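Derivation of every value follows stated rules applied to the coordinates shown; laboratory data play no part. In this text the structure is predicted, and so the values were computed from the model without any measurement. All Cβ positions, glycine included, derive from the backbone under ideal geometry; neighbour counts span all protein chains shown.
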Amino acid sequence: MKKIILSAFVLLPFLMNAQESLIQNVYARDYVTLNGSWNYIIDPFDMGYYDYRLQENPNGFFKNRKAQSKTDLVEYNFDTSPLMVIPSDWNTKNKQLFFYEGSVWFKKDFDYTKKPGKKTFVYFGAANYDTKVYLNGEKVGEHIGGFTPFNFDISEKVKNGSNFIVVRVNNERHPEGVPTINADWWNYGGITREVMIVDVPDVFISDYLVQLEKGKYDHIVGNIQLNQAKAGEVIEIMIPELKVREIFVTDEKGFAQISIHAKPELWGPENPKLYEVVLSREAEEIKDQIGFRQIETRGKEILLNGEKTFFRGICIHEEAPFRQGRAWSPDDAKVLLGWAKELGCNFVRLAHYPHNEHMIREAEKLGIMVWSEIPVYWTIHWDNPNTYANAQQQLDEMISRDKNRCAITVWSIANETPHSDSRDVFLGKLAKYARDKDNTRLISMAMEVSGEAKDVSKVQDNMNTFVDIISFNSYLGWYGGKIEDMKTRKWNIPYDKPFFVSEFGAGALQGKHSSETEIWTEEYQAQLYKETLAMFDKVEGFAGTSPWILVDFYSPRRQLNGIQDFFNRKGLISNNGVKKQAFFELQDFYKNKADEYK
Ligand code: GCB
């Protein structure tokens, strides 16, 4: 009962606090970072938030109080509490927190000089899961969802001189949450991505979109939105390399439509061309690196820039190479995507939630297409309107942040969800939302396979009408069936759309060798890769795959002593960065595919 009451408490603020609109391309703004050391207090009973009657305490930890005299009772002190370097998950930073799910309070002092004619925001790349933010003892906002950015206007609360920011992050899982309580990855808590104080002019370009018009190669379209409904603002867009310099003027909603006739060189894996795009007004200038491309399907084919393509993919979790914990930095992205590149990939499935922005930008530079997903995973509460609102908000934030990233070719709205009418309504609505917000990318979701007859696998899902690519996860030879079955296995995928195998794989402990008939060995995993790829390669409409997974990753579900030790071992690379045999099996297959599609 207590759990239910607490869950309702947690959800309520989410419903009341609509998210402030996201600052587009925050890295191009005037900002200072709040990354670095923060004091933290572990608060398993939430005594920094609730009083002993479980009422919100107006004098919670966010006040950052200090005892004023020898008789003043204050039962916490940030300044004598330990330090944690942010961004990071807390689980891998302190042994006490490895399995911890609850609240942790963070505090940082910073100096600030107010700038006339400017607004000030605090921006978080992400914090998992429920985050409340306070500045100088007052609440500035809160956010639900562990993998998308959010920002709050702190102009009225920030002071000249010394300020303190307090953040309460709670990573408890909730049945009605997104994701829900059951998932196969570590529930890393904390301020897991960068924190910045951002200064922008009072009137500023809060959002923009610059891309090729769908289906056209010589027309750049998009829009610009100011933070205020201010008409008559003049905005210049320059793309120096294309000799583009055009002026647009905002309407009474502070909005301007962009239309530019230009024929850019196209972005693609062979030529990841990015253009500098500069948006400027009298008071500001924003620079971005933007690529231009078309992605579409025709019958059972995927076309990139009008040419048939094969997604040579791999799934990746946002887990730091070598050290575990959440990945967040450009360096982490370079290692992970460097491995993908070495494998011969032109595509990555960033599972199962939106990854940090560096990952997408790095993929773009390397010419790697991206599948980006929200954590609508397994058994979501399909009938709960709060759950839907939460999922839609995460979808919205994912698309808002990355809509200018040409590397993203697929928005995925779910993974392995059980069939039901209410699930179809929920996902149908999400798919429509994604399509209405962005009709220039493909929409998909990882579906499930059912056995039709002993030697026939079938993909049948009512969501087929909503998606552009029929994607499914297949664990034949691991969670059921035998590797030999693949030689004769038939596939029934009754849709005139390309199909994409969004997962397959087997667990292998790196360094464990034996015959290919013994599970957990590198040989078994490599053999499963070989036969799975051969099997799908014979099926009409096979347009790509992203096997599970690039690197072994932490998961509380993976308990087998001496083999798993809390790692999902389906990586092609061990958690120490050593490649397993299957890595080379897939690399060979991709070499051939690249030649075939030249
Ligand atoms: C799946 C899930 C993925 C799991 C994987 C596994 O189907 O989508 O999140 O980690 O299987 O290893 O079982």
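Numerical summary
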| quantity | calculated |
| --- | --- |
| Mean separation of Cα contacts under 8 Å, 6 or more apart, over the residue count of the range 221-305: relative contact order % | 25 |
| Candidate aspartates and glutamates - alpha carbon under 16 Å from Lys334, same-chain residues fewer than 8 apart omitted | Glu318, Glu319, Glu342, Glu357, Glu362, Glu364 |
| Charge-dipole axis of the chain as Lys and Arg at +1 and Asp and Glu at -1 on Cβ define it, positive-most pick from Asn227, Ala127, Ile314 | Ala127 |
| The chain - share of DSSP beta bridges that are antiparallel (%, nearest 5) | 75 |
| Residue-span extension gain [Thr379 to Asn305] - 0.36 nm each, minus C-alpha spacing | 23.0 nm |
| Dipole of the range 2-200 [Lys/Arg +1, Asp/Glu -1 at C-beta], most positive-end residue of Gln68, Asn35, Met196 | Gln68 |
| Whole-angstrom gap from the range 439-471 to the range 87-151, using each part's C-alpha centre | 38 |
| Whole-angstrom gap from the range 399-434 to the range 269-341, using each part's C-alpha centre | 19 |
| Sum of -39500 (n - 2.57) over DSSP H runs of 4+, divided by residues of the chain (222 nm, nearest 500) | -6000 deg cm²/dmol |
| Full-extension gain in nm, Asp153 to Asp111, via 0.36 nm per residue minus C-alpha separation | 13.4 nm |
| Dipole of the chain, positive direction: furthest Cα of Phe78, Ile368, Leu550, with charges on the beta-carbon | Phe78 |
| Packing rank of 116-124, 406-414, where each peptide gets the mean count of other beta carbons within 10 Å, highest leading | 406-414, 116-124 |
| Taking Arg489, Arg281, Arg298 and counting other C-beta atoms within 10 Å, the order from fewest to most | Arg298, Arg281, Arg489 |
| Charged-residue dipole, Cβ positions (Lys, Arg, Asp, Glu), the range 340-400 about Cα centre, Debye nearest 20 | 200 |
| Net lengthening on full extension, Ala389/Val85 (0.36 nm per residue, minus Cα-Cα) | 106.2 nm |
| Assigned charges on the beta-carbon of Lys, Arg, Asp, Glu; the chain dipole about Cα centre (debye) | 480 |
| Whether the chain is rounded, prolate or oblate, judged on the alpha carbon gyration tensor where a/c under 1.5 counts as rounded | oblate |
| Peptide ranges 323-329, 310-316 listed from the most packed, as the mean C-beta count within 10 angstrom indicates | 310-316, 323-329 |
| Helix runs (DSSP H) in the chain reaching 15 Å along axis by Cα, Kyte-Doolittle at least 1.0 | 2-16 |
| FRET efficiency for Ala231 and Lys139, using Cβ-Cβ distance with R0 set to 25 Å, rounded to 0.05 | 0.15 |
| Distance (nanometres) between label positions extended 7 Å along Cα→Cβ at Met47 and Asp496 | 6.8 |
| Three-way shape label, the range 481-593, alpha-carbon gyration tensor, a/c 1.5 | prolate |
| Set of lysines with alpha-carbon distance to Lys214 below 23 Å, sequence-local pairs under 8 removed | Lys243, Lys263, Lys273, Lys300, Lys308, Lys365, Lys403, Lys429, Lys432, Lys437, Lys497 |
| Label-point separation in nm, Tyr27 to Ser69, each point 7 Å along Cα→Cβ | 5.3 |
| Candidate lysines for bridging to Lys63, where Cα separation is under 23 Å - those fewer than 8 sequence places away on the same chain excluded | Lys107, Lys108, Lys114, Lys132, Lys139, Lys157, Lys159 |
| Test item: Cα-centred dipole of the range 216-293, Lys/Arg +1 and Asp/Glu -1 on Cβ, debye | 220 |
| The range 215-231 - phi-based ³J(HN,Hα) in whole Hz, Karplus 6.51/-1.76/1.60, Gly and Pro as x | x, 10, 10, 10, 9, 9, 10, x, 7, 10, 10, 7, 6, 10, 7, 10, 7 |
| DSSP-assigned coil residues among trypsin sites (Lys or Arg not before Pro) in the range 528-565, each with at most 16 further Cβ atoms within 10 Å | Lys538, Arg557 |
